[in-house]
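Asker: Before anything else, here's the structure in question.
The values are calculated or read from the model by the stated rules, or taken from the named source; none is laboratory data. Being a predicted model, the structure only gives us computed values, none of them experimental. Cβ coordinates were reconstructed from backbone atoms using ideal geometry, including for glycine residues, and neighbour counts include every protein chain displayed. For the accessible areas, the whole protein counts, side chains as well, though only heavy atoms, and no ligand, DNA or RNA atoms are used. Shrake-Rupley method; radii C 1.70, N 1.55, O 1.52, S 1.80 Å.
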Amino acid sequence: MKKQLHHLFASAIERLKTDGVLPPDQHVDVRFERTRQPEHGDFATNVALALGKAAGRPPRELARLIVAALPASTDVSKVDIAGPGFINVFVSDEAQFQVVNAVRTAGVQYGRNDLGAGKSVLVEFVSANPTGPLHVGHGRGAAFGDALSRVLRASGYRVEKEYYVNDAGRQMDILAASVWLRYLELCGEDVCFPDNAYQGDYIFDFAATLHRRVGDRYRHAAEDVFADTEGLDLEIRLDALIDGAKRLLGKDAYEEILDIGRSALLEDIRSDLSQFNVEYDAWFSERALAQGNHIESAIKELESTGNLFERDDALWFRSTAYGDEKDRVVVRENGTPTYFASDIAYHLDKYRRGFDVLINIWGADHHGYLTRVRAALQALGQDAERLAVLLVQFAVLYRGGEKISMSTRSGEFVTLRQLRHEVGTDAARFFYVQRKSDQHMDFDLDLAKSQSAENPVYYVQYAHARICSVFRQAAERDIDVADLNGAELSLLSENHELALLNSISRFPDVVESATLNYAPHQVAYYLRELANDLHTYYNAHNFLGADTALRRARLALIDATRQVLVNGLELLGVDAPQSM
């Protein structure tokens, strides 16, 4: 409907330009918002207030001129002027009814738009270190990133989803050391396993794989492994153990141990995400950055801008010159690049791949990291505004009203796989995206498994299943449901029917808003409202017992509703079951 209104108002404004009311070169951006109250019409625009100064007239007077210049249209029944110059538009009943056939004709395309036509977006999300299984915190980022990608594609963007594999750096070294120490235990060594190493059972599995593969070949005496580590701070002691492992094992053996853990965990991550309905277009390895000299090249390029300096034997980026709170190290005193240096190289590579928009989806604990990344991009002459960073808060799990405590390093956490098995992929995805990503989220496992109106995903899916059951009953009674496009939709006069008509007509607006605001939670919220309208209608009226003409009109309406439910759930990566 907004397209039709845009056309009508554009015609009126062009007429006012011709009449000299508005400057001929005046840019006009007419925006329509759905009204909150029926007495204010269906849509409202503030275009008269926005153009009052250019016209040299009071906005309310300009509003009257705009309304008078509007072409006649069967889509509009009335236009009112309110307040200082708002224009309220009342859509005709005939136009309201048209949405039913529009939905049923468009099918899976209904709700899609061309906001992003010709534009490309790279969405990078999850990107967890392959140092352990994905947990429920990663699940929220996965559901949000995938749903956002689906919404962007529905708005015409060419979207590429990417997983940045953090397979280099200290966390990977901790993984390798953890596997080796467990391996030494299997060899019979008396190992004092560090509390701050990785504790999960999967570490034992990798150690057993290594032992089956090499026997005792990589065994070293515990006293040699732990030499000179007594009394050290926990983190310093762990670093000493990593250095010792590299020295005692040699490069090839150390890399073999690291690769056992990395490869197995990365395959697990791929599998978990795939079963969570998340498929990536690209997997980008941090190790590949280092091996391809991309990090070294990025540092040299940054150095050529005059923004690097030496201090305390380290190489620093002068990020304070670009709004950061302090300068940042890019090369440590031992000559190794920092994680920040890897990120600079990765983002520079992203920019050079030519995407119009880059979206990073990070955990909320990375909120302070954005400034330094933007600073580096600015120093390198890149348009930092092309990069959008969206933060995802951690999800807190509750079972039986009790909070479930989690710690990744200690191995005490609920994996994404366990969550899927307990509540199902559909419930997990819907729960994750029903709130704005940067808002705190409590995930009630008992609610997610319940079959009640309080469970939002069950409530929405049940609305779809109910509609399907009506059509199954129609088939069982040999009721003809063919050619519902010819139904007399003007017979739909009940309040429940008009509310449902209004709801399904709003879906394209919801998709557009979710795209512009990077907010797939708006789709989830909308689906709950649509499901409520359907359930209310279903409980109040008999679809199959009405006379033939009214029955056909009602069946056409709920069939259109069914299609909108399918399209909305698809945007969230959630199934629409035909029976429940």
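Asker: Angle check, please: helix 234-249 long axis (alpha carbons) against the longest principal axis of the chain (alpha carbons), in degrees 0 to 90, nearest 10.
Answerer: 70 degrees
Asker: Let me ask you something else. Angle check, please: helix 507-516 long axis (alpha carbons) against the longest principal axis of the chain (alpha carbons), in degrees 0 to 90, nearest 10.
Answerer: 40 degrees
Asker: Would you mind checking the pairs 300/326; 78/436; 3/161; 161/403; 17/78; 251/350 and listing those with alpha carbons more than 28 angstrom apart?
Answerer: 78/436; 3/161; 161/403; 251/350
Asker: So how exposed is residue 239, as accessible area in Å² (1.4 Å probe, rounded to 10)?
Answerer: Counting only protein heavy atoms, the figure is 60 Å².
Asker: If you keep only loop residues by DSSP, which trypsin sites (Lys or Arg not before Pro) in segment 336-395 have at most 16 other Cβ atoms within 10 Å of their Cβ? Mind showing how you got there, number by number?
Answerer: On the way: sites: 350, 352, 353, 372, 374, 386; in loops: 353.
Listed in order of number, the matching sites are 353.
Asker: If you don't mind, there's one more thing I want to ask. If every alpha-carbon in segment 305-351 counts as one equal scatterer, what log10 I(q)/I(0) does Debye give at q = 0.25 1/Å?
Answerer: Evaluating at q = 0.25 Å⁻¹ gives log10 I(q)/I(0) of -0.98.
Asker: Let me know the charge dipole size of segment 333-481 about its Cα centre in debye, to the nearest 20, where only the beta-carbon of Lys, Arg (+1) and Asp, Glu (-1) is charged.
Answerer: Computed about the Cα centre, the dipole is about 200 debye.
Asker: Now for a different question. With charges only on Cβ, +1 for K and R and -1 for D and E, what is the dipole size of the chain about its Cα centre, in debye, rounded to 20?
Answerer: 1840 debye
Asker: Whenever you get a sec, compute what percent of the accessible area on segment 15-82 sits on carbon and sulfur atoms (1.4 Å probe).
Answerer: 48 percent
Asker: What accessible area, in Å² to the nearest ten, does a 1.4 Å probe give for residue 326?
Answerer: About 110 Å², ignoring ligands and nucleic acids.
Asker: Once ligands and nucleic acids are excluded and a 1.4 Å probe is used, how much of residue 481 is accessible, expressed in Å² to the nearest 10?
Answerer: Only protein atoms counted, so the area is about 50 Å².
Asker: Turning to a different aspect of this structure: Sorting 60, 247 by accessible area (1.4 Å probe), largest first, what list results?
Answerer: Values: 60 95, 247 160 Å².
Largest accessible area first, the residues go 247, 60.
Asker: Once both axes come from the Cα atoms, what is the angle between helix 201-214 and the longest principal axis of the chain, in degrees from 0 to 90, rounded to 10?
Answerer: 50 degrees
Asker: Using heavy-atom solvent-accessible surface (probe 1.4 Å) with all chains present, what is the largest-first order of 192, 187?
Answerer: The most accessible residue leads, giving 192, 187.
Asker: In terms of solvent-accessible area of protein heavy atoms at a 1.4 angstrom probe, what is the ranking of 462, 537, highest value first?
Answerer: Descending accessible area places them as 462, 537.
Asker: Report the normalised scattering of segment 248-331 as log10 I(q)/I(0) at q = 0.12, 0.13, 0.17 Å⁻¹, calculated by the Debye formula with identical scatterers on the alpha carbons.
Answerer: Debye output, listed in q order: -0.66, -0.74, -0.90.
Asker: Placing unit charges on C-beta atoms (Lys and Arg positive, Asp and Glu negative, everything else neutral), compute the dipole magnitude of segment 445-528 about its Cα centre in debye, rounded to 20.
Answerer: 360 debye
Asker: Return the aspartates and glutamates within reach of residue 53: Cα separation strictly under 16 angstrom, same-chain partners fewer than 8 residues apart disregarded; answer none if there are no such residues.
Answerer: Those aspartates and glutamates meeting the cut-off are 25, 29, 61.
Asker: Right, another one. With Cβ to Cβ distances under 11 Å as the rule, what net charge do the other residues near residue 86 carry (K, R +1; D, E -1)?
Answerer: Details: positive: 60; negative: 33, 80.
Summing Lys/Arg as +1 and Asp/Glu as -1 gives -1.
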